[in-house]
Amino acid sequence: MTIQILALEKDLFFSVKMRDTLRHHGMEVTIVRSLAAFEQRLGITGDEKPMLAIVNTAISGVDWEGAIHRAREHGLPVLAFGSHMDLEARQKALQAGAQRVVANSKFASDMPGLVNRMLGGPIVLHTSDEERVVEE
């Protein structure tokens, strides 16, 4: 069974990079550009049901906090990414329910590893600006 991922991302070039990178590692990504499309995809069942949501906290004009809330309501883990300088967005993502928030550079360089850890790796606890990993 292929791992299905739902991503909220407006940048076309980065969307292609995300899709191609994760597909190379046996994961399929459905990329949407609006909250309405994101919510619609959350309702998918069967083999195409997403197992993880990825949300870009730097996109403008889209309620990415609402997307994180909706994904959590559907029981999905959420991996968020954005500017390492935007500490306010990082905090808002964590408050909205994201389990992990990383900088754009970390997401781009370790995308498959981050996704794999989110789906089956150790639990990551967030405390202010640092992370602490707790093995299960």
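Of note:
- Test: residue in the range 106-114 that is at pLDDT 95 or above, in contact with a helix residue (DSSP H, G or I) (Cβ under 9 Å, 6 or more places away or on another chain), hydrophobic (A, V, I, L, M, F, W, C) and part of a strand (DSSP E or B): no
- Positions within the range 1-41 being farther than 16 Å from Gly61 by Cβ, open to solvent by less than 20 Å² (accessible area, probe 1.4 Å) and not in a strand (DSSP E or B), in sequence order: Met18, Leu22
- Residues being in contact with a Phe, Trp or Tyr (Cβ under 8 Å, 6 or more places away or on another chain) and either within 14 Å of Lys17 (Cβ to Cβ) or open to solvent by 40 Å² or more (accessible area, probe 1.4 Å) (or both) - total across the range 97-107: 3
- Subset of the range 42-60 that is within 16 Å of Gln4 (Cβ to Cβ) and not hydrophobic (A, V, I, L, M, F, W, C) - its residue that is least open to solvent (accessible area, probe 1.4 Å): Pro50
- Among the candidates Arg117, Arg70, the residue that is basic (Lys, Arg) and surrounded by 19 or more Cβ atoms within 10 Å (Cβ to Cβ) is uniquely Arg70.
- Taken over the range 39-59, the residue count meeting the criterion of being in contact (Cβ under 8 Å) with a residue 40 or more places away in the chain and either touching a Ser or Thr at 6+ places or on another chain (Cβ under 6 Å) or charged (D, E, K, R) (or both) is 4.
- Of all residues in the range 83-95, those being at pLDDT 95 or above and surrounded by fewer than 22 Cβ atoms within 10 Å (Cβ to Cβ) number 4.
The values are calculated or read from the model by the stated rules, or taken from the named source; none is laboratory data. What you see is a predicted model, and the numbers here were worked out from it, not measured in a lab. Glycine gets a Cβ as well: all are built from the backbone with ideal geometry, and neighbour counts include every protein chain shown. Just the protein is used for accessible areas: all its heavy atoms, side chains included, with ligands, DNA and RNA removed. Shrake-Rupley method; radii C 1.70, N 1.55, O 1.52, S 1.80 Å.
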